Every structure is written in structure tokens, then in C-alpha cells.
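Inspection log for the structure reproduced underneath, given as C-alpha cells.
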């Protein structure tokens, strides 16, 4: 049996916080806006529920559904780009967020993958996730974000 073509991005960071505070930061629209450059997520965070990542002007950036949720340990989302015409046709990707306590820090692992070789979507998120997660880490540890606007890349 031949494996399906797959593209994947994995990012691991350690944040000096509690799993509960990190979970709130990941799932609260008010907290999202602080580190996601005014973007936020909308969902009722139940398995099967719709999920959206919203631009500040109300447009939908990405959308999908909650596949798995185990607060404050694991969140899995089906995720599809909605605003870039060249990315939307790639279909649905899967984003897994795992939180693991490690002493006074929490290990956060983001795994974002799609059943498609050389995915332009995964290439795009591999540029976005490090910036967003750097902001999240900085905000939780210092009260300030690293980036206040999206750098031109």
C-alpha cells in the first residue's frame, strides 16, 4: 500500500505558564486578538462545531470544524483557507494543538498537515505559525507581544 502524499508543519515551543492559561489564550476571542494581530477565532468549542478564524473587518480567513477537544490538553481542527483563491482549492487541512505540562512551563506542539504533496497552504502556515506563537509566548510571559503587525515576507 502506498502512502498518500502529505505536507506537514510542526512547531514546538515552551511557554512559562499553566495549561489552563494557555488553553484560555488559544480559545478565547478576546485573548486571540492580542497576539493574532487583531484576528480571532469563533467557535463554541464542542466536537463537530463550526470553527472560524476572523479578520478584524469581519471577513473569514479560515474555517472548519472542531474534530477533537480535551481541555486543557488537546485541540484538533479541520481547517481550510477561505480568502486566498490559490489556497482554498487545496481542501481541508488538519491542525492539532497539544499542551503538555513540563514543570513550570507548558510544551505547546502545533502540527498542521494536509493530504497533498508540496502544499502551498502548509507553506503559508509555516510562515504564519512561528510569528503567532512567538506573540503568544511573549504575551503570556511578559504581557507584551513581539509583533504588532504582520511583517512583509
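The values are calculated or read from the model by the stated rules, or taken from the named source; none is laboratory data. Keep in mind that what you see is a predicted model, and the values were worked out from it rather than measured. Methodologically, a virtual Cβ is constructed for each residue, glycine included, from the backbone with ideal geometry; neighbour enumeration extends over all protein chains shown.
Things worth noting here:
- Residue in segment 39-47 that is within 15 Å of residue 10 (Cβ to Cβ), surrounded by 15 or more Cβ atoms within 10 Å (Cβ to Cβ) and within 12 Å of the chain's Cα centre (by Cα) present: no
- Single residue of 85, 72, 56, 101 found to be over 14 Å from residue 6 (Cβ atoms), in contact with a helix residue (DSSP H, G or I) (Cβ under 7 Å, 6 or more places away or on another chain) and part of a loop (DSSP other than H, G, I, E, B): 72
- Residue match in segment 88-96 (condition: touching a residue at least 40 places away in the same chain (Cβ under 8 Å) and more than 13 Å from the chain's Cα centre (by Cα)): no
- Residue list for segment 22-53, restricted to those being assigned to a loop (DSSP other than H, G, I, E, B), in contact with a strand residue (DSSP E or B) (Cβ under 8 Å, 6 or more places away or on another chain) and within 16 Å of residue 71 (Cα to Cα): 43, 45, 46, 47, 48, 49
- Take the conditions (1) in a helix (DSSP H, G or I); (2) crowded, with 18+ Cβ neighbours inside 10 Å; (3) in contact with a strand residue (DSSP E or B) (Cβ under 8 Å, 6 or more places away or on another chain); residue 139 misses just one of them, which is (3).
- Segment 57-74, residues that are more than 24 Å from residue 121 (Cα to Cα) and either crowded, with 17+ Cβ neighbours inside 10 Å or modelled with pLDDT under 95 (or both): 72
- Residue selected from segment 104-119 under the condition out of contact with any helix residue (DSSP H, G or I) (no Cβ under 7 Å at 6 or more places or on another chain) and part of a loop (DSSP other than H, G, I, E, B), by the criterion surrounded by the most Cβ atoms within 10 Å (Cβ to Cβ): 115
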